[in-house]
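Engineer: If you scroll down you'll find the structure; I have some questions about it.
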Amino acid sequence: MNTRTLEITRPAAALSAPSYVLQRLLATRAGWAPLALRIPIGIIFVAHGAQKLFGAFGGYGLEGTGQFMASIGLTPGYLMALLAGSAEFFGGLALLLGLLVRPAAAALAFAMLVAILSVHIGNGLFLAKNGYEYALALLAVSVSLLLSGAGRLSVDAALADRAAR
């Protein structure tokens, strides 16, 4: 049985609660399309998270990002920078691997919603004025992956196939 047609064939009562939840979390009927979203968006999130956490790629690291977050009212700034950077960096890694894609996508969608509402919304739509269009696109992809799951060529699909046997 492949993950594209994965159905939970045993009655829910026959599965332990953690096993059932894990199967539902990993199951995906999506084909190759999520892979086309996971790879580029995973790379983007890893890079942005690395900017916040480590100061890589011209970023400001935790201190600088934390000061910025505190200046816009997201306090304590250091903790908010750690949370946002971790969601982006580790969530991006999860997307790249196709591992626990739904929880990673949920965390990333939440991070993008916070970014839109706290930083970009007052600047209008367009990126040229620091608007929310880019964060909105990342939010849309995150929600799409939350709904579809990892798709083929993912650790989630391999684990779901294994659990179904």
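Engineer: Of all residues in segment 139-162, which are touching a Leu at 6+ places or on another chain (Cβ under 7 Å) and not β-branched (Val, Ile, Thr)?
Structural biologist: Within segment 139-162, the subset touching a Leu at 6+ places or on another chain (Cβ under 7 Å) is 139, 141-142, 144-145, 151-153, 155-156, 159-160.
Scanning segment 139-162 gives Leu139, Ser142, Ser144, Leu145, Gly151, Arg152, Leu153, Asp156, Leu159, Ala160.
Engineer: Restricting the search to segment 52-79, which residues are open to solvent by 50 Å² or more (accessible area, probe 1.4 Å) and either on the phi < 0 side of the Ramachandran plot or modelled with pLDDT under 95 (or both)?
Structural biologist: Of segment 52-79, the ones open to solvent by 50 Å² or more (accessible area, probe 1.4 Å) are 54, 57-58, 60, 63, 67-68, 71-73, 75-76, 78-79.
If the condition is that a residue be open to solvent by 50 Å² or more (accessible area, probe 1.4 Å) and either on the phi < 0 side of the Ramachandran plot or modelled with pLDDT under 95 (or both), then Phe54, Tyr60, Glu63, Gln67, Phe68, Ser71, Ile72, Thr75, Pro76, Tyr78, Leu79 are the ones that fit.
Engineer: If I filter segment 66-84 for residues that are among the small types (Gly, Ala, Ser) and closer than 28 Å to Ser148 by Cα, do I get at least one hit? Please lay out each step first, then the result.
Structural biologist: Here is the first cut: in segment 66-84, the ones among the small types (Gly, Ala, Ser) are 66, 70-71, 73, 77, 81, 84.
Filter once more, keeping what is closer than 28 Å to Ser148 by Cα: 84.
There is at least one residue in segment 66-84 that is among the small types (Gly, Ala, Ser) and closer than 28 Å to Ser148 by Cα.
Engineer: I need a count of the residues in segment 82-138 that are more than 26 Å from Gln67 (Cβ to Cβ), touching a residue at least 40 places away in the same chain (Cβ under 8 Å) and of a type in the set (Phe, Trp, Tyr).
Structural biologist: Final tally of qualifying residues: 0.
Engineer: Since Leu26 meets every condition but one in (1) more than 20 Å from the chain's Cα centre (by Cα); (2) open to solvent by less than 60 Å² (accessible area, probe 1.4 Å), which condition does it not meet?
Structural biologist: Here Leu26 clears every test but (1).
Engineer: Touching a residue at least 60 places away in the same chain (Cβ under 8 Å) and out of contact with any Lys or Arg (no Cβ under 6 Å at 6 or more places or on another chain), is that true of Phe45?
Structural biologist: Details: touching a residue at least 60 places away in the same chain (Cβ under 8 Å): yes; out of contact with any Lys or Arg (no Cβ under 6 Å at 6 or more places or on another chain): yes.
For Phe45, the condition - touching a residue at least 60 places away in the same chain (Cβ under 8 Å) and out of contact with any Lys or Arg (no Cβ under 6 Å at 6 or more places or on another chain) - is met.
Engineer: Any residue at all in segment 95-102 that is more than 23 Å from Lys52 (Cβ to Cβ), of a type outside the set (Asp, Glu) and in contact with a Lys or Arg (Cβ under 7 Å, 6 or more places away or on another chain)?
Structural biologist: Yes, because at least one residue in segment 95-102 is more than 23 Å from Lys52 (Cβ to Cβ), of a type outside the set (Asp, Glu) and in contact with a Lys or Arg (Cβ under 7 Å, 6 or more places away or on another chain).
Engineer: Do any residues in segment 58-74 that are in contact (Cβ under 8 Å) with a residue 24 or more places away in the chain have Cβ atoms under 8 Å from those of residues that are crowded, with 19+ Cβ neighbours inside 10 Å and outside any loop (DSSP other than H, G, I, E, B), where the two are at least six apart or on different chains, and which pairs are they?
Structural biologist: Listed by first residue and then by second, the contacts come to Leu74/Met80.
The values are calculated or read from the model by the stated rules, or taken from the named source; none is laboratory data. What you see is a predicted model, and the numbers here were worked out from it, not measured in a lab. So basically every Cβ, Gly included, is an ideal-geometry build from the backbone, and we count neighbours across all protein chains shown. Keep in mind that these areas ignore ligands, DNA and RNA; they rest on the heavy atoms of the full protein, side chains included. Shrake-Rupley method; radii C 1.70, N 1.55, O 1.52, S 1.80 Å.
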